[in-house]
2 protein chains.
Amino acid sequence: MRILIVEDEPTLGRQLKSTLEQNGYAVDLSTDGEDGHFMGSTEEYDAVVLDLGLPEIDGLTVLGMWRKEGRRFPVLVLTARDSWSDKVAGLDAGADDYLAKPFQTEELIARLRALIRRSTGNSSAELIAGDVRLDTRSGRVTLAGEPVKLTAQEYKLLSYLLHHKGKVVSRTELIEHIYDQDFDRDSNTIEVFVTRIRKKLGPDVITTIRGLGYSLNDPAQVARG
Amino acid sequence: MRILIVEDEPTLGRQLKSTLEQNGYAVDLSTDGEDGHFMGSTEEYDAVVLDLGLPEIDGLTVLGMWRKEGRRFPVLVLTARDSWSDKVAGLDAGADDYLAKPFQTEELIARLRALIRRSTGNSSAELIAGDVRLDTRSGRVTLAGEPVKLTAQEYKLLSYLLHHKGKVVSRTELIEHIYDQDFDRDSNTIEVFVTRIRKKLGPDVITTIRGLGYSLNDPAQVARG
DNA sequence: AGATTCCATGCGCATCCTGATCGTCGAGGA
DNA sequence: TCCTCGACGATCAGGATGCGCATGGAATCT
C-alpha cells in the first residue's frame with residue numbers, strides 16, 4: 001500500500017513518513033500544496049494524509065481539485081483542534097476522515113488502516129485467502145494456523161494482492177503501489193518476490209495470468225467453479 | 001512505562017516525580033492545566049496522575065478534553081479529602097481511579113501499578129515469559145528462579161516488552177515509553193540495552209523483527225507452533 | 001570513585017536488486 | 001495432432017545495501 005503525506009512542517013512530515021514506513025507502507029512526502037496536488041494527480045496512492053494549513057495552496061483547495069479530477073483515494077485530513085468550520089468545509093470538499101492535531105501516531109495508523117480497508121471493500125481487519133491469513137493490525141501472516149515469516153517486500157506484495165482478492169493485478173500496478181516515487185520500473189523484482197512468496201505459502205496461492213499479471217484466488221471459489 | 005504528572009504545587013510535584021522515577025518510571029511533570037493537556041495530547045503516556053485543583057484550566061476540563069480527543073491512557077485523579085462532588089464529576093469525565101489528599105506515596109504507586117496492569121490487559125502483578133519473571137511490586141526479576149540484577153533502563157525496557165507480550169514493539173515506541181520528554185531520538189541506546197538484557201537473560205527472550213522492532217514471545221506459544 | 005548510561009565505530013548478516021539462464025505456454029503451420 | 005518458434009515468466013546466483021549487533025570509551029549520575 002502506498003501513501004502520500006502532504007504536510008508543510010518538515011519535522012512532523014518526516015516523522016510520519018518514517019512511522020508509516022515502519023508499518024509496511026510505501027510513503028511519498030510532499031511539503032506544499034502545489035507539489036502535493038501534482039503528486040496526487042500523477043501517482044497511484046491508496047490513501048492520502050492531508051494537512052489543511054499549507055503554504056501556497058490551501059489543503060481544502062487541493063482536495064477539491066483532486067475530487068474534481070476524479071481521484072477517489074481516501075483522504076485523511078489533519079486539522080487544528082476544535083476547528084469546526086474546517087471540519088464542515090472538509091466534508092464538503094470530499095474528505096473521508098478527520099484527525100485533530102495533536103494526535104497519537106497509533107490512532108493515525110489505525111484510521112489509515114480502516115480507510116484503506118473500507119476503500120478496497122474489505123470488511124474485516126483480517127484478510128483471508130484459503131489457508132493464508134494476514135492480520136493487518138499485527139502485521140502477522142499465518143498458513144493453516146502456523147506463523148510464517150515474511151520480509152518487508154514480501155509482506156507488501158501479499159498485502160496488496162489480498163486487498164484486491166479476485167482482481168487481476170498487473171505488474172505495473174504492483175510496482176506503483178509497493179514502491180515509492182523513485183524506483184526503476186524496468187526490473188523483475190515482482191517476479192522474484194512472487195517466487196519467494198510461493199515458496200513460503202505454497203505454489204497455488206498466487207495465480208499467474210499470462211500477459212496480464214497476477215491474481216489471488218480464494219480456493220473456496222475455485223473449488224466451486 | 002511513562003507517566004505524566006499534572007500538579008500545580010511545585011514541591012509535591014517534584015517529590016512525586018522523584019518517587020516515581022525511583023520506582024522505574026519515566027516521568028514528565030506539568031504544573032498547569034494548559035501545558036498538561038498539551039503534553040497528554042502529544043506525548044505517549046502509560047498513565048496520568050492528575051490533580052483537580054489547577055490554575056488556568058480545571059483538571060476535570062482537561063480530562064474531558066483528553067477523552068473527547070480519544071486519549072485512552074488511565075488517569076488517576078488526586079482530590080481534596082472528602083470531596084464527593086469532585087469524585088462523581090470525575091467519574092463522568094472518565095477518571096479511572098481516585099486518591100484523596102493527603103496520601104501515602106506507597107498507595108499512589110500501588111494504584112498506578114494496578115491501573116497500568118489493567119490497561120495493558122495483564123491480570124497478574126507478576127509478568128511471565130518462559131523462565132523470566134518480573135514482579136511489578138518488588139521490581140525484581142528472576143531467571144528460572146534465580147534473581148537477576150538489572151539496571152534501571154534494562155528494567156524499564158524489559159517491563160514494557162513484558163506488558164505488551166506478543167505485540168511487535170517498534171524502536172520509536174520503546175523510546176517514547178522508556179524516556180521522558182527531552183531525549184534525543186536518534187541514537188542506538190535501545191539496541192544496546194537489548195543486547196545487555198539478552199546477555200543477562202539469554203538470547204532467545206527478545207526476538208528481533210527486522211525493520212519493524214522487537215517482540216517478546218511466550219515460549220509456551222512458540223512451542224505450540 | 002564506581003556504576004550506569006550514552007554515543008561512535010566497525011563488523012556481519014539478512015534482505016533486496018540485478019542480470020543471466022532456464023522453463024513454459026500458446027499460436028501458427030505442416 | 002504434432003512440432004517449432006517466439007514471447008513471457010520463473011528461478012538462481014552474485015553483489016550492493018542497509019539494518020541490527022557488539023564493543024570500547026566518554027559523559028553523566030550517585
Notebook entry, point to check: Among the numbered criteria (1) open to solvent by 40 Å² or more (accessible area, probe 1.4 Å); (2) under 22 Å from B:Leu4 (Cβ atoms); (3) within 14 Å of DNA strand C (Cβ to nearest atom), which single criterion is violated by B:Thr195?
Noted result: (2)
Notebook entry, point to check: So which strands (runs of 3 or more DSSP E) are wholly in segment A:120-193 and hold at least 1 residues that are hydroxyl-bearing (Ser, Thr, Tyr) and within 14 Å of another protein chain (Cβ to nearest Cβ)?
Noted result: A:140-143
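Of all residues in segment A:21-36 being touching a Ser or Thr at 6+ places or on another chain (Cβ under 9 Å) and closer than 22 Å to A:Ile175 by Cα, which is modelled with the lowest pLDDT?
Among them, the one singled out is A:Gln22.
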Next item on the list: Please enumerate the residues belonging to segment B:16-27 that are in contact (Cβ under 8 Å) with a residue 24 or more places away in the chain and either surrounded by 19 or more Cβ atoms within 10 Å (Cβ to Cβ) or in a loop (DSSP other than H, G, I, E, B) (or both).
Entry: B:Leu16, B:Leu20, B:Asn23, B:Gly24, B:Tyr25, B:Ala26, B:Val27
Check: For residues in segment A:28-44 being under 22 Å from A:Thr120 (Cβ atoms) and surrounded by fewer than 22 Cβ atoms within 10 Å (Cβ to Cβ), which is nearest to the other protein chains (Cβ to nearest Cβ)?
Finding: A:Asp28
Item checked: Evaluation of A:Thr207 against (1) crowded, with 17+ Cβ neighbours inside 10 Å; (2) touching a Phe, Trp or Tyr at 6+ places or on another chain (Cβ under 8 Å) (one fails), failing number -> (1)
Check: Tally time: how many residues in segment B:45-70 are away from chain A (no Cβ under 13 Å) and in a loop (DSSP other than H, G, I, E, B)?
Finding: 7
Check: Does A:Glu21 satisfy the criteria of being within 14 Å of chain B (Cβ to nearest Cβ), within 20 Å of A:His177 (Cβ to Cβ) and acidic (Asp, Glu)?
Finding: yes
Check: So which of B:Ala95, B:Ala110, B:Ala100 is open to solvent by less than 70 Å² (accessible area, probe 1.4 Å), assigned to a helix (DSSP H, G or I) and among the small types (Gly, Ala, Ser)?
Finding: B:Ala110
Note to self: Quick check on my filter: what residues within segment B:1-15 are over 14 Å from the mean Cα position of the chain (by Cα) and either buried (at least 23 other Cβ atoms within 10 Å of the Cβ) or within 23 Å of B:Arg118 (Cα to Cα) (or both)?
What the structure shows: B:Val6, B:Glu7
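For segment B:194-207, which positions are within 23 Å of the chain's Cα centre (by Cα) and assigned to a helix (DSSP H, G or I)?
Of the residues in segment B:194-207, the ones within 23 Å of the chain's Cα centre (by Cα) are B:194-198, B:201, B:205-207.
Within segment B:194-207, B:Val194, B:Thr195, B:Arg196, B:Ile197, B:Arg198, B:Leu201 qualify.
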Note to self: With the structure loaded, tell me whether A:Pro102 is modelled with pLDDT under 85 and more than 30 Å from B:Phe73 (Cβ to Cβ) or whether it fails that test.
What the structure shows: no
Note to self: Here's a check for you: in segment B:157-175, which residue that is open to solvent by less than 30 Å² (accessible area, probe 1.4 Å) and not hydrophobic (A, V, I, L, M, F, W, C) is farthest from DNA strand D (Cβ to nearest atom)?
What the structure shows: B:His163
Item checked: Matching entry among B:Ser119, B:Ser187 (being at pLDDT below 90 and either surrounded by fewer than 17 Cβ atoms within 10 Å (Cβ to Cβ) or within 16 Å of DNA strand D (Cβ to nearest atom) (or both)) -> B:Ser187
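The values are calculated or read from the model by the stated rules, or taken from the named source; none is laboratory data. Keep in mind the model is a prediction, meaning the values are calculated, not measured. Because the Cβ atoms are built from the backbone with ideal geometry, glycine has one as well, and the counts that use them run over all protein chains shown. Side chains are part of the model used for accessible areas, which takes the heavy atoms of the whole protein and leaves out ligands, DNA and RNA. Shrake-Rupley method; radii C 1.70, N 1.55, O 1.52, S 1.80 Å.
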